[in-house]
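No lab work stands behind these numbers, since they all come straight from the coordinates. Being a predicted model, the structure only gives us computed values, none of them experimental. Glycine gets a Cβ as well: all are built from the backbone with ideal geometry, and neighbour counts include every protein chain shown.
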Amino acid sequence: MPLSGKRAQVASSMTATLSAVTAAPNSSLRERKKRRTRQTLIDTALELFTRRGFGGVTLDELCEEVEVSKRTFFRTFTSKEDVAMAPDQDLWRAFLEELETAEPGGLPVVELGRDALLAALARMDDEGWARRMLLSRRLAERTPSMGAHGLQFCEATTQEALAILHRRFGLGAPGDLRPRLAVDMLVAAFHGALASWVVQAEEADEARAAGRTEPPTAEELADRLREAVAALPESLVLTTTPV
């Protein structure tokens, strides 16, 4: 299904920044500098938005804090929402890369997607990623424009995943809803896992104040994703009974 308007812009941003997220270790000095600038923009944006509110920080103020021009900002991000949601978007870009090279091995599509998403999570090996993800999700919960941006990105990602499934495995004939439903179930399972992970983080904040625990990790999010996908078959046959 072709994308247009804002969805096409989001899809274009996904493609344009994928190489910056997954560049090879022996990349050039210029590429490493671009990645450092990108990461500084993300970290600074999340800190400022968390402290002062998403609407309390202008793009000019963000660029001034990082000491970059708006032109430099727009080479990497499309908007304040885009930079604020970078941790989540980086994960799903990595997922698309993993799906592009995944070996089917007779797995159901949902399980193939689960394994690709788990591999993407394993690539989020920077110890700061989990903290950035938490800050981003907490901001999104109270920022409607981030929610709208997230929906657009999710649809663009879904369309990319369906295109990969069609190109590599011949799935998705006209009128066949199964690939779309499989990808939607994977996304729903991740959102459920993410929601419980964020709750875990809030509980950990309280316990950590008393010196009893560490913040949740990407590995713990992966565990919750496994549990969520495993629960999908039973959720499809869940029945109601009178109370």
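If you stretched the chain out fully between Ser28 and Arg138, how much longer would it get, using 0.36 nm times the residue separation minus the C-alpha to C-alpha distance?
On the way: separation 110, 0.36 × 110 = 39.60 nm, distance 3.49 nm.
Full extension from Ser28 to Arg138 adds 36.1 nm.
Between Phe169 and Leu151, residue separation times 0.36 nm minus the direct Cα-Cα distance comes to 3.8 nm. Only alpha carbons enter this Debye calculation for region 102-231, each as an equal point scatterer, and the log10 of I(q)/I(0) it gives at q = 0.15 Å⁻¹ is -0.80.
Report the relative contact order of region 52-185, percent, no decimals, based on alpha-carbon pairs under 8 angstrom and at least 6 residues apart. List each step's numbers first, then the result.
Numbers: 86 pairs, mean separation 35.4, N = 134.
Relative contact order of region 52-185: 26 percent.
Which value, in Å³ per residue, describes the convex hull spanned by the Cα atoms of region 62-101?
About 76 Å³ per residue, rounded to a whole number.
Relative to the Cα centre, the charge distribution of region 82-180, modelled as +1 at Lys and Arg Cβ and -1 at Asp and Glu Cβ, gives a dipole magnitude of about 320 debye. A Förster radius of 35 Å, combined with the Cβ-Cβ distance separating Asp125 from Thr58, puts the computed FRET efficiency at roughly 0.60. Using the alpha-carbon positions of region 63-159, Rg (one decimal) and Dmax (whole number) come out as 15.4, 52 Å. The calculated P(r) of region 141-193, using every Cα pair and 10 Å bins from 0, goes 22, 46, 24, 7, 0 in percent.
A simple spin-label model places the labels of Val237 and Ala195 2.4 nm from each other, with each point 7 Å out along Cα-to-Cβ.
Dipole check for region 88-243: with +1 at the C-beta of Lys and Arg, -1 at the C-beta of Asp and Glu, and the Cα centre as origin, the magnitude is about 360 Debye. Between the residues Pro144, Ala161, Ala173, the greatest Cα displacement towards the positive end of the dipole of region 108-243, with unit charges on the Cβ of Lys, Arg, Asp and Glu, is found for Ala173.
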